[in-house]
Amino acid sequence: MKYKYIDIVTVKVLTLSLIGLVAMPYWFYTGGTIIGFILVRIVAKFLQTCGTVGYHRWLCHNSFVPSTVGKYLMLTGMILNSVGKPLHVVVAHRLHHAHPDADGDPHSPRHSNFWNLWLGRFKLSTGTANFRDFYRNQEAMFVNKHYWKFWWAINLIIAAIDLPTALIIVPINFLIGWTGSTYINYHGHNASNKADLKPTNLPWIWQFVAIGEELHGNHHKSPGSYHFDGDSRKDLARPLIEHLLMQPRTQKLV
């Protein structure tokens, strides 16, 4: 397959990643404290996790009904994660599940190497999937339509308040989230053996970065589930979803 080596996604990935790499030393260079850095990053990581759950488990798989608070936390997290318009993520991920590691999969290790996937050079998919439920989601469609307007507005507001704080929120969120999702999409399919690709769970140490997303093998076994518990592994995002992001359930959770 052929790639265009300069496109808007690659420019975004390289630019935000570079800013993310220099954001931490710049924070301390301008007088930021370790405690301040930790507090800002805790809030940023919380919103990043909400955004990841929103993209993946809510919009891509429609696996739970969000609470009002959860809905807006997830939409805000999606904007701060800088991944891009929700519909783009939904299309790519549903095609991935409809055609895992086949010709219709846009980001299988079978079609590309890690660095091309990290640069956003996905395969042009020939597969099909159903997206009608997304078009009926009015809030998600509104954010999808105005995604980059919201992105610029939020970032400019935070930067106007304090530039070093703005730089350790969004660019670092993007660098961690984009690199982590690329690693999961690649190594979560046993990429070391391309003759026998299959979804697999990543080592437990990844749970502190991926917050449940590292359980990729469990997810593929039951893609409609809002949590990825299984095989003696616990999904760290499950309590967040059950107690804040989803509507309360009357039946016993299993």
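The values are calculated or read from the model by the stated rules, or taken from the named source; none is laboratory data. Given the structure is predicted, the values throughout are model-derived calculations rather than measurements. Positions of Cβ are generated from backbone atoms using ideal geometry, with glycine treated the same way; all protein chains shown enter the neighbour counts.
Listed values, structure above:
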item: Residues located in segment 117-152, provided they are assigned to a helix (DSSP H, G or I), free of Cβ contacts under 8 Å to residues at least 24 places away in the same chain and charged (D, E, K, R); result: Arg132, Lys145, Lys149
item: Out of Ser222, Ser181, Ser232, Ser192, sole residue that is under 16 Å from the mean Cα position of the chain (by Cα) and of a type in the set (S, T, N, Q); result: Ser181
item: Elements of type helices (runs of 4 or more DSSP H) contained in segment 1-116, each with 2 or more residues being surrounded by fewer than 19 Cβ atoms within 10 Å (Cβ to Cβ) and modelled with pLDDT of 95 or more; result: 8-29, 34-53, 68-81
item: Unique residue being more than 29 Å from Pro239 (Cβ to Cβ), touching a Leu at 6+ places or on another chain (Cβ under 7 Å) and hydrophobic (A, V, I, L, M, F, W, C) when the list is Ala195, Ala159, Ala129; result: Ala129
item: Segment 218-245, subset in a loop (DSSP other than H, G, I, E, B) and among the small types (Gly, Ala, Ser), residue farthest from Val53 (Cα to Cα); result: Ser232
item: Looking only at segment 191-211, and only at residues there that are in a loop (DSSP other than H, G, I, E, B), touching a residue at least 40 places away in the same chain (Cβ under 8 Å) and not aliphatic (A, V, I, L, M), the one that is surrounded by the fewest Cβ atoms within 10 Å (Cβ to Cβ); result: Lys198
item: Cross-chain or 6+ apart pairs with Cβ under 6 Å, segment 6-27 first and within 12 Å of Leu175 (Cβ to Cβ), then among the aromatic types (Phe, Trp, Tyr) and modelled with pLDDT of 95 or more; result: Leu16/Phe174
